[in-house]
Structures are given as structure tokens and as C-alpha cells.
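J.: First, the structure itself, so that you have it in front of you.
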Amino acid sequence: MPSNGVSLVGETRADKITYLLHTTSSPDPHVRQAACQSLSQAALRTDPRVAAALICRLQDRDLYVRQAAAGALAQATRRGDEQVLEALVGRLADSDAAVRRISANALAQVTDRGCALVIAGLLGRLEDKDGGVRRSAVKALEKARRRQGGHQGPHSPVWPHGRRRGFRATHRR
């Protein structure tokens, strides 16, 4: 196993993942960020250690590590994992707009059949002060609506109050 983290050439996938999981706890935020990003590419969606490590990094004090962890969860975990969904919904209230936006995008990818917790969290972001977060929430809600299947009209369960007249993702009340 490499001690400097520069090269993992020749290592098995399991060894690489084990090494990356270890480096998510590095004291260096750049290393933690890189480990999260690398896990999204190297990990199998069925490895529960990966989801646990990335969920832990969602609480990181460094905003770039939180961003990387949220994005990696969308790539490295299976759809419908309740712990992942709860953790990402929790990040919808992050102090950093990019973390909120990436979390909304990740929820769009890992939500299975319009989970009520996810929908409620995303609906709450429709009034976010950041336009990118609002757009990401709208897109994620649309994906959830399509996954439910059959509900194509304005009274879809994803949009419980019907379509708002003149509402746009960039609109602020």
C-alpha cells in the first residue's frame, strides 16, 4: 500500500478503496476532498463502507470536502439508500450554496420513487436565496416526478399545491 498517496497503480480495487476510505480522515482537507472525489470513481455502489465514509465527510468543516462528498454520494451509492437520502436532505440547509446545490443534484440521482422526506426537503429549497439551488431543486423534483411514473399533470404528488402561476426557478418572493 502506498504511503504517500501518489500512485495506486497495481493495487486491487479493494485495496484502492480501503486506502481511499482511510484517507477520508486525513488532517489535510485537500487530501480528504481528493479521496471523496476518487471514491466516486473507484467504488462499487454496493460497498456500505463508502457510503458511511462519504456521509461522515458531509459534516466536514471544510466546504470543499462537503461539496466533494455530496457529489461522490450520487456516484458511489445505490439509489434509495435511506441513510444517504437523510444525509443529503440534511445538507440542503448547509451554509454554503454550492453544497446545497450539489446535494439537490445528488438527491435527483439517488432518490427512489419520490421519497416524501426528499420531496419535502427539495420543496423547502424552492425559496432558497441562491438561484442555482432553486434550479437544482426544481430539476430534482422533476426527476422524482418522472420516477413516480404516471403523474404528468400539474397536480402531481411531487407538486402538492399544483403549479404556481408564473413560478420560475429564479423567482424570489
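Every read-out reported here was derived from the displayed coordinates using simple, explicitly stated rules and does not represent laboratory data. Since we're looking at a predicted model, the values are computed, not measured. Methodologically, a virtual Cβ is constructed for each residue, glycine included, from the backbone with ideal geometry; neighbour enumeration extends over all protein chains shown.
J.: Calculate, in whole percent, how much of the Cα-Cα pair population of region 103-142 lies beyond 13 Å.
T.: Working: 312 of 780 pairs.
Here the long-distance tail beyond 13 Å is 40 percent of all Cα pairs in region 103-142.
J.: Under a crude label model (7 Å from the Cα following the beta-carbon direction), how far is residue 18 from residue 59 in nanometres?
T.: Modelled inter-label distance: 2.6 nm.
J.: Tell me, in nm to one decimal, what length is gained between residue 127 and residue 44 on full extension, where the rule is 0.36 nm per residue of separation less the Cα-Cα distance? Mind dumping the intermediate values first?
T.: Working: separation 83, 0.36 × 83 = 29.88 nm, distance 3.54 nm.
Roughly 26.3 nm would be gained on extension.
J.: Another one. For residue 129, go through the lysines and keep the ones whose alpha-carbon is under 24 Å away, minus same-chain ones fewer than eight residues off.
T.: Partners within reach: 139, 143.
J.: In nm, give the distance between the simple-model label positions of residue 25 and residue 142, each being 7 Å from the Cα along the Cα-to-Cβ direction.
T.: For the pair residue 25/residue 142, the computed spacing is 4.2 nm.
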